[in-house]
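Asker: Structure incoming, see below.
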Amino acid sequence: MNRTILSISLFISSFIYSQNAFENWDKDYTYRDARKIIQGETEYAKEVEKDTTQGHYYVAMEKFRFLAEFTGNERKIESDVFNSMIRVLKIKTGNSDILNELVSREYEFDIGNSKIWMPIQDQLLEPFKSEVKKGEKVLLYCLFTNEHKFDGGIINTFLISEFLTEWE
C-alpha cells in the first residue's frame, strides 16, 4: 500500500513540477524582435556591398522566436524563397533534402510597421488554421535563413517550425 501511494505521489509530482514542454524550444530559439533581425541583416548587407574588394555572396542560418500577428493571408511558397532556403541549408548543413515535401505554403504576418510572408512546415498547416484566427498574435518558432546574392540584395526567410497561441 505504501509503495503504491509513493508511486502515485511521484507520478503526480512529476507532472506538477515538470518543466514547460517548450522550455527546450525556448533554449534553442532566441527571443528577438523580427523587425530588428531584418533591419540588422539589411544594414549588414549594405556594408558588405560597399566593399568592392570582396565577394558579396554569403549565407546565414539561426533559430529565433518572436510574436507576430496573423493577417489571414496564405499563398503557395514563392520559388525564389524556396530555392534560397535550399541553397542556405546546402551550404550550412551539407544537405537540403529535408526541405523536400516539408514546405509548400506561406502565411503573411504583421510584425509592427510591416508585413512579411513566412513559409510554414506542411505538418503545421492544419493545426495553425484551426488554432489561429486572422488578427491574432502568435508566438512563432522559426528557422531563419539569410542569403545575400552575388548581384546584391538579400532574401530573409523565417521558416515556421512551431507556434504557440498561449504563452507567458
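The values are calculated or read from the model by the stated rules, or taken from the named source; none is laboratory data. Worth saying up front: this structure is predicted, and the values here are computed from it rather than measured. In this analysis, Cβ positions are derived from the backbone assuming ideal geometry, glycine residues included, and neighbour counts consider all displayed protein chains.
Asker: Spot the failing condition for S130; the list is (1) among the small types (G, A, S); (2) touching a His at 6+ places or on another chain (Cβ under 7 Å); (3) without any contact (Cβ under 8 Å) to a residue 24 or more places away in the chain, and only one is missed.
Answerer: The one condition S130 does not meet is (2).
Asker: Return yes when R35 is modelled with pLDDT of 80 or more and either aliphatic (A, V, I, L, M) or outside any helix (DSSP H, G or I) (or both) and no when it is not.
Answerer: So R35 fails the test.
Asker: So which residues in region 153-168 are in contact with a strand residue (DSSP E or B) (Cβ under 7 Å, 6 or more places away or on another chain) and either assigned to a strand (DSSP E or B) or on the phi > 0 side of the Ramachandran plot (or both)?
Answerer: Residues satisfying the conditions are I154, I155, N156, T157, F158, L159, I160, S161, E162, F163, L164.
Asker: Can I ask one more? Could we say that T42 is over 15 Å from the mean Cα position of the chain (by Cα), modelled with pLDDT under 95, of a type in the set (S, T, Y) and not in a loop (DSSP other than H, G, I, E, B) here?
Answerer: In short, yes.
Asker: Do we have any residue at all in region 56-65 that's closer than 21 Å to Y141 by Cα and part of a loop (DSSP other than H, G, I, E, B)?
Answerer: no
Asker: Take region 67-85 and flag every residue that is surrounded by 16 or more Cβ atoms within 10 Å (Cβ to Cβ) and not hydroxyl-bearing (S, T, Y).
Answerer: Scanning region 67-85 gives L67, A68, E69, F70, I77, V81, F82, M85.
Asker: Please enumerate the residues belonging to region 141-162 that are under 15 Å from the mean Cα position of the chain (by Cα) and over 18 Å from Y29 (Cα atoms).
Answerer: Correct list: I155 only.
Asker: Consider V138 carefully, then state whether it is in contact (Cβ under 8 Å) with a residue 60 or more places away in the chain, under 14 Å from the mean Cα position of the chain (by Cα) and over 22 Å from N100 (Cβ atoms).
Answerer: yes
Asker: Looking at region 113-126, can you tell me whether even one residue there is at pLDDT below 95, more than 15 Å from the chain's Cα centre (by Cα), surrounded by 13 or more Cβ atoms within 10 Å (Cβ to Cβ) and farther than 20 Å from K76 by Cα?
Answerer: The answer is no; no qualifying residue exists.
Asker: Now for a different question. Look through region 127-142, keep the residues that are under 17 Å from D33 (Cβ atoms) and not basic (K, R), and return whichever of them is surrounded by the most Cβ atoms within 10 Å (Cβ to Cβ).
Answerer: Here the residue is L140.
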